[in-house]
1. Among the residues of region 12-22, which ones are assigned to a helix (DSSP H, G or I) and in contact with a helix residue (DSSP H, G or I) (Cβ under 8 Å, 6 or more places away or on another chain)?
2. Can you tell me how many residues in region 23-66 are in a helix (DSSP H, G or I) and either of a type in the set (D, E) or loosely packed, with under 11 Cβ neighbours inside 10 Å (or both)?
3. If you take the residues of region 67-83 that are open to solvent by 100 Å² or more (accessible area, probe 1.4 Å) and of a type in the set (S, T, N, Q), which of them is farthest from A24 (Cα to Cα)?
4. Would you be able to tell me the number of residues in region 69-83 that are touching a residue at least 24 places away in the same chain (Cβ under 8 Å) and over 13 Å from A39 (Cα atoms)?
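The values are calculated or read from the model by the stated rules, or taken from the named source; none is laboratory data. The shown structure was predicted, so the numbers you read here are calculated from the model rather than taken from an experiment. No Cβ is skipped: glycine too gets one built from the backbone with ideal geometry, and neighbour counts run over all protein chains shown. Ligands, DNA and RNA are excluded from the accessible area calculation, which covers all protein heavy atoms including side chains. Shrake-Rupley method; radii C 1.70, N 1.55, O 1.52, S 1.80 Å.
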Amino acid sequence: MGADISYLCPVELLKRFYPELKNAKLRTIFDDGRRARLAAEYKGLDTNNVPLYSRNATWQSAYHKGWRAVTPQDIAFMKRNNL
């Protein structure tokens, strides 16, 4: 069986699944990707293709992971609370 991770807060869980998020710059880019995805969902835009954030592959990867980390629950919460 896997290790018990129930004691970890959501930020620590993210760092565990995405070790590069321990870096403050990459965490900021990851969060930018999440915010951009939520904004696109709110506006009703197509979210199948991740937009270009940077030509730097590492930064684009972090943005892509943030974009894809948005769950249907995040979208429903945002719409329900008019965020």
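1. Passing the criteria: L14, K15, E20, L21, K22.
2. Qualifying residue count for the region: 6.
3. N82
4. Residues flagged as touching a residue at least 24 places away in the same chain (Cβ under 8 Å) and over 13 Å from A39 (Cα atoms) within region 69-83 amount to 1.
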